[in-house]
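Remarks on the structure that follows.
The values are calculated or read from the model by the stated rules, or taken from the named source; none is laboratory data. It should be emphasised that the depicted structure is a prediction, and the values quoted were computed from it without experimental measurement. Every residue, glycine as well, gets a Cβ built from its backbone with ideal geometry; the counts of neighbours run over all protein chains shown.
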There are 4 protein chains.
Amino acid sequence: MIRIGLLGCGRIGQVHARTLRAMDGARIVAVADAVADAAHALASATGAEVRSTEDILSAKDVDAVIIGTPTDTHFDQIRLASEGSKAIFCEKPVDMSVGNIRTLVEDIRKSGVAFFTAFNRRFDPNFAALQARLRDGEIGAIELIQITSRDPAPPPISYIESSGGIFRDMMIHDFDMARFLMGEEFSHLSAVGSCLVDPEIGKAGDVDTAAVTLTTASGRICTITNSRRAAYGYDQRIEVHGVKGMLRAENILETSVEVATEAGFRRAPTMHFFLERYEAAYAAEMKAFIDMLNGKDTAVPGIEDGLRAQILADAASRSRETGMPVALED
Amino acid sequence: MIRIGLLGCGRIGQVHARTLRAMDGARIVAVADAVADAAHALASATGAEVRSTEDILSAKDVDAVIIGTPTDTHFDQIRLASEGSKAIFCEKPVDMSVGNIRTLVEDIRKSGVAFFTAFNRRFDPNFAALQARLRDGEIGAIELIQITSRDPAPPPISYIESSGGIFRDMMIHDFDMARFLMGEEFSHLSAVGSCLVDPEIGKAGDVDTAAVTLTTASGRICTITNSRRAAYGYDQRIEVHGVKGMLRAENILETSVEVATEAGFRRAPTMHFFLERYEAAYAAEMKAFIDMLNGKDTAVPGIEDGLRAQILADAASRSRETGMPVALED
Amino acid sequence: MIRIGLLGCGRIGQVHARTLRAMDGARIVAVADAVADAAHALASATGAEVRSTEDILSAKDVDAVIIGTPTDTHFDQIRLASEGSKAIFCEKPVDMSVGNIRTLVEDIRKSGVAFFTAFNRRFDPNFAALQARLRDGEIGAIELIQITSRDPAPPPISYIESSGGIFRDMMIHDFDMARFLMGEEFSHLSAVGSCLVDPEIGKAGDVDTAAVTLTTASGRICTITNSRRAAYGYDQRIEVHGVKGMLRAENILETSVEVATEAGFRRAPTMHFFLERYEAAYAAEMKAFIDMLNGKDTAVPGIEDGLRAQILADAASRSRETGMPVALED
Amino acid sequence: MIRIGLLGCGRIGQVHARTLRAMDGARIVAVADAVADAAHALASATGAEVRSTEDILSAKDVDAVIIGTPTDTHFDQIRLASEGSKAIFCEKPVDMSVGNIRTLVEDIRKSGVAFFTAFNRRFDPNFAALQARLRDGEIGAIELIQITSRDPAPPPISYIESSGGIFRDMMIHDFDMARFLMGEEFSHLSAVGSCLVDPEIGKAGDVDTAAVTLTTASGRICTITNSRRAAYGYDQRIEVHGVKGMLRAENILETSVEVATEAGFRRAPTMHFFLERYEAAYAAEMKAFIDMLNGKDTAVPGIEDGLRAQILADAASRSRETGMPVALED
């Protein structure tokens, strides 16, 4: 039985708690949150104790921690968890600073604790199936990947202001997906971005519509487009071209119902929100974390994956600002 | 060069004339129509002469006739054409009376002229491909066929009144398609029908919504549904289930454009009208007729197919009226 | 807190137990099963007691029973539960005998206990959405309903032998769905059926491929087709035509991944098994049962719905055997 | 009656000749080709005379010329046609040199002759419908356009060597489409390209897989991807995102037939070849040319459109070679 300490009892912490309730082999023993009410509510729902973050990170009866707190607290928590020999499940991004993540990579390497960077989309059943089929060679060597990711509507400006910008906050998922699918690191990147959705986003120094092109040393290409707006719902699509054909994952619609009238054939909008769209992915990533801790041979995104994605997000931000392509360090 | 006499210069006659203009190996030499203006217009467009029907049916310089005149004139024209040793291309239905068609079958058998019953849907590229794949055994032995056929809107009541009823006028195409696909004759049939679209259709003694179930001696099943109304356009679908899976032909939409908005994903209505939907089928059936006359080994619907479809339409009409199933003669 | 006694700890009992674990407002207090190990396993997973069926049906601390036992035990259990003033959730079919169900209808009427016939498909989010849109008048008055239901593969012959036949075992779901969608009772029915999948099914006196046509007094039509085989998975589709258009619910595929190669564009098979396909429906029907017990205004299928479906299944069996249509009693 | 001289009797010349045969209001009076047999074959099929190119360009009885000859002959032919006051329909590209096209723009401006640059895809019914709906504001202001264009297989290396490279030969269609849809000129462009399909293409100095990102002064973005290979056929898709949603045009498949087996649901490959895929577009563009000559108010791509597309192709070639973005002249 893996004993888990949960740091952060907000939306995503609650998702993980629900998953763990229905699982055998792991149990939340302690929860912490800066908001006491949030901690107590989740403690009561899970049968766990409320403790301080520090207590959890040094507790003898905690094997692993789930870090779902604000990004600027990750660095210290990861260091303490690593010192306390806890396995770590950390929400993305690991940290806003590539330098900090490099420090953590070193810490994790030294302490030898297990680390899981929560790139949940790798665990979406559709994207996971697509990736497995790529690895099985179903379409041969990859030539071109196209990733589309559009939110239904922009978050509040206050969120934008502390988000690190669209590339670090939103496209970071797509950078990880691009790496996950491509199976070869990217060597060059160029980015463009505009403020077309909400001028306030521009005033906050960010963009809301962006396109990035990445290439690998062997010439494979990936394009990613992002927008903070999609009237028809949460748009999450992948298309991969290879020597022998194309593999793509289409959107998931709210229902399978279609109506045909004089106006034509109309299907439902896409599932609207990430918690709903990626419900199965959140459950599957937690299962993969527990499986890993139980010694199963499970492929999971590690801290290096968190680092690599952040490097790409930094490069894209720089390319967008300068208008120039960026050569990525090896 | 096949020399053709065209009887009937209406909508369908014009379609065939246009097809023949673009073909090598055949040429319209004479046209006839009860409406002189119609005959002269088509003569001028094709370079053919206007003649009387009788002249065409006995002309030395005519090898084949296309009969696109009202159904009640078919019987006499076919007999004369048969006597005159003309190959015959005849629009469906061959005749409203099964007895008359039996007489014609005998005539055609004796004279040995080529006869083509214009069941155009067999030549639709999609349905033809589906049937070829059935024959190739792609889904193994057939178990169940489902045919959906819905007109966008009912014809004028005057048309309904002389149409012979929905089974003889509209579902006759589906009866032929069912036979074409099944490859085994039907032994039993039961039909229901209602007047749900326009009460005037009911007053004319007809129904506008109908469902027929057919079975073969070996137990294979076919269901056909018809309606005189489909808000979303001309609905023409086939679905065939076999041991190893299903083959289906979906509707053809007006364009491939899809719009996604808050209301969801909307594609175009189906192609609205039979002349547009079956444009390729009309061209292909005429090509098949000419190919047959040129000695190519071409599978075409003959007069027996016209007879069989009419027998099914009669049986369906009777079943609908009596509420009882009908055993089909061998 | 609704206190529940669970009768039958097999596959479906476990599904309901899992649903109830994750719900607030209801709790399983006792379980029973003819197989002691099954009862103890579920008791241990839910924290309930193992008791005898009789004890549960008369227990003071049980408010409602879930009956997931073999069909031939339903009658006695329902009577006892009714006498014991327990609310009843009963798997379909309520009983194989229409006469017995009529007796139970009377019993339930007298005792006034709540009764839920577990027609789970009414609670499938897609079918429920379709039905709600029909009721909202999205396509106007209904003209024609087409229901397709195909199992991936036939059950064991031993199951077939005690199943009551395809109409009572399999199509009963579709009969209920037809009533749920149509909103008007059927007045006539005719059925055909064949043994095309497995000759052993025929030897057992049953058919494996069937088509039924139902009509209402006002002339609306419904066709249902069933097969015990579908190579591409569990086929569950509905199509409803109305004055203003069509509403349809398409199959749910295993993933959203599509591959395009020289052979064309290939999507996944349908979800293969009913437990997986209707997972959300099972959870939603249990929620509806608890909501009803908590006094919420919830539309649920009652015992009369169980009776009506069984009447249709009986009539279809008779029609298939005699080859004649059946007029349904009012 | 517009009298037409046809220069170039190859594949595309034959397509235009066939279209004109079926049209009223225009007639081919003379044809020319460097290969005498080709000219005579087309003359015989159309009833036109064979003449020399020079004769046609100065003929009194020719109102318009269709230029379907090799690109390096366009410049002289256009100048002569312009001097001879012939309306001009010219296949793309107008010329390989932007400088030459600027000269021709000036010539055409002075002579005042009508000029049609044959960007056929603007006349594809699907893309034309999409563009019309964009202009009607169906999805509001445009934010992002994504164009996918993939050939089924690369052309011969000899063709590649004289093609001007993938951006001038293949993506030029997409550049025109991007301008046609966007309705605002592009201000910046960056391109990447690789040789992944055939190393011989790389030896010829070209790439076979390419991605280009374009932006407008107002920040709208367009991404274009091209490949010389697509196992599943000719891939021609457009997706446009706007404030109120997305409009997209999907591929056209060979048939509407779908097969479902244990492997899933498989539809046909895309139409394989551009002559087949754009058959309707070729007919529609010729109709638009004749309509324009007959004084109808018809929007057609002029010589400036040919110039603009070539400028983009040049810029993309340069960006790909230098690895740097290119600012486009106004």
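Assess whether D:Val212 counts as being more than 21 Å from D:Tyr232 (Cα to Cα), in contact with a Cys (Cβ under 9 Å, 6 or more places away or on another chain) and touching a residue at least 12 places away in the same chain (Cβ under 8 Å).
Taking the combined requirement at face value, the residue satisfies it.
Tell me the residue from A:Phe180, A:Phe175 that is more than 11 Å from chain D (Cβ to nearest Cβ) and surrounded by 22 or more Cβ atoms within 10 Å (Cβ to Cβ), please.
A:Phe175
For segment C:269-305, which residues satisfy the criterion of being touching a strand residue (DSSP E or B) at 6+ places or on another chain (Cβ under 9 Å), part of a helix (DSSP H, G or I) and hydrophobic (A, V, I, L, M, F, W, C)?
C:Phe274, C:Met286, C:Ala288, C:Phe289, C:Ile290, C:Met292, C:Leu293, C:Ile303
Would you mind telling me which numbered condition in (1) within 14 Å of chain C (Cβ to nearest Cβ); (2) closer than 19 Å to A:His173 by Cβ A:Pro154 fails?
Answer for A:Pro154: the failing condition is (1).
State whether one or more residues within segment A:311-328 are touching an Asp or Glu at 6+ places or on another chain (Cβ under 7 Å), without any contact (Cβ under 8 Å) to a residue 60 or more places away in the chain and on the phi < 0 side of the Ramachandran plot.
no
Looking only at segment A:299-315, count every residue that is under 21 Å from A:Ser82 (Cα atoms) and β-branched (Val, Ile, Thr) and tell me the total.
Result for segment A:299-315: 2.
Check whether at least one residue in segment D:271-289 is under 23 Å from D:Thr213 (Cβ atoms) and of a type in the set (Lys, Arg), and report yes or no.
No, that holds for no residue.
Please determine, by comparing only the residues of segment B:293-328 that are of a type in the set (D, E, K, R) and more than 29 Å from C:Gly219 (Cα to Cα), which one is surrounded by the most Cβ atoms within 10 Å (Cβ to Cβ).
Among those residues, the one meeting the criterion is B:Asp305.
Of the residues A:Glu106, A:Glu54, A:Glu91, which is farther than 29 Å from A:Glu329 by Cβ and not hydroxyl-bearing (Ser, Thr, Tyr)?
Exactly one of A:Glu106, A:Glu54, A:Glu91 is farther than 29 Å from A:Glu329 by Cβ and not hydroxyl-bearing (Ser, Thr, Tyr), namely A:Glu54.
Go through the residues of segment C:280-303 one by one and say whether even a single one is hydroxyl-bearing (Ser, Thr, Tyr), assigned by TED's automatic domain parsing to the domain that holds C:Ala132, more than 30 Å from D:Glu258 (Cβ to Cβ) and over 20 Å from the mean Cα position of the chain (by Cα).
no
Would you confirm whether any residue within segment D:158-165 is under 16 Å from D:Thr225 (Cβ atoms) and free of Cβ contacts under 8 Å to residues at least 60 places away in the same chain?
Scanning segment D:158-165, I find no residue that is under 16 Å from D:Thr225 (Cβ atoms) and free of Cβ contacts under 8 Å to residues at least 60 places away in the same chain, so the answer is no.
Given the condition among the charged types (D, E, K, R) and over 25 Å from C:Ser218 (Cβ atoms), answer yes or no: does some residue in segment B:188-210 qualify?
For segment B:188-210, residues among the charged types (D, E, K, R) and over 25 Å from C:Ser218 (Cβ atoms): absent.
For segment D:132-149, state whether one or more residues are under 17 Å from the mean Cα position of the chain (by Cα) and within 20 Å of D:Leu293 (Cβ to Cβ).
no
Yes/no per residue for (1) of a type outside the set (A, V, I, L, M); (2) surrounded by fewer than 19 Cβ atoms within 10 Å (Cβ to Cβ):
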{"site": "D:Asn226", "(1), (2)": "yes, no"}
{"site": "D:His241", "(1), (2)": "yes, no"}
{"site": "D:Lys244", "(1), (2)": "yes, yes"}
{"site": "D:Leu247", "(1), (2)": "no, no"}
{"site": "D:Thr255", "(1), (2)": "yes, no"}
{"site": "D:Gly264", "(1), (2)": "yes, no"}
{"site": "D:Glu279", "(1), (2)": "yes, yes"}
{"site": "D:Glu285", "(1), (2)": "yes, no"}
{"site": "D:Asp291", "(1), (2)": "yes, yes"}
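Select from segment C:261-289 the residues that are under 30 Å from D:Arg229 (Cα atoms) and not basic (Lys, Arg) and list them in ascending order.
Of everything in segment C:261-289, those that are under 30 Å from D:Arg229 (Cα atoms) and not basic (Lys, Arg) turn out to be C:Thr261, C:Glu262, C:Ala263, C:Gly264, C:Phe265, C:Ala268, C:Pro269.
For C:Ile66, work out the one condition from (1) within 14 Å of another protein chain (Cβ to nearest Cβ); (2) at pLDDT 95 or above it doesn't fulfil.
The failed condition is (1).
If A:Ile221 satisfies all but one of (1) within 23 Å of C:Ala132 (Cβ to Cβ); (2) touching a residue at least 24 places away in the same chain (Cβ under 8 Å); (3) buried (at least 22 other Cβ atoms within 10 Å of the Cβ); (4) among the aliphatic types (A, V, I, L, M), what's the number of the condition it fails?
(1)
What do you reckon, is D:Val192 at the interface with chain A (Cβ under 9 Å from one of its Cβ atoms), surrounded by fewer than 23 Cβ atoms within 10 Å (Cβ to Cβ), more than 19 Å from the chain's Cα centre (by Cα) and not in a helix (DSSP H, G or I)?
Here the answer is no, as D:Val192 does not meet what is asked.
Identify the single condition in (1) touching an Asp or Glu at 6+ places or on another chain (Cβ under 8 Å); (2) surrounded by 22 or more Cβ atoms within 10 Å (Cβ to Cβ) that C:Gly5 does not satisfy, given that it satisfies every other one.
(1)
Report, by residue number, each residue of segment C:250-299 that is away from every other protein chain (no Cβ under 14 Å) and either free of Cβ contacts under 8 Å to residues at least 24 places away in the same chain or touching a helix residue (DSSP H, G or I) at 6+ places or on another chain (Cβ under 7 Å) (or both).
C:Leu275, C:Tyr282, C:Glu285, C:Met286, C:Ala288, C:Asp291, C:Gly295, C:Lys296, C:Asp297, C:Thr298, C:Ala299, listed by residue number.
Could you please give the count of residues in segment B:126-139 that are out of contact with any Leu (no Cβ under 7 Å at 6 or more places or on another chain) and facing chain D (nearest Cβ under 10 Å)?
Of the residues in that region, 5 qualify.
Report, by residue number, each residue of segment A:297-330 that is modelled with pLDDT under 95 and among the acidic types (Asp, Glu).
Across segment A:297-330, the qualifying residues are A:Asp297, A:Glu329, A:Asp330.
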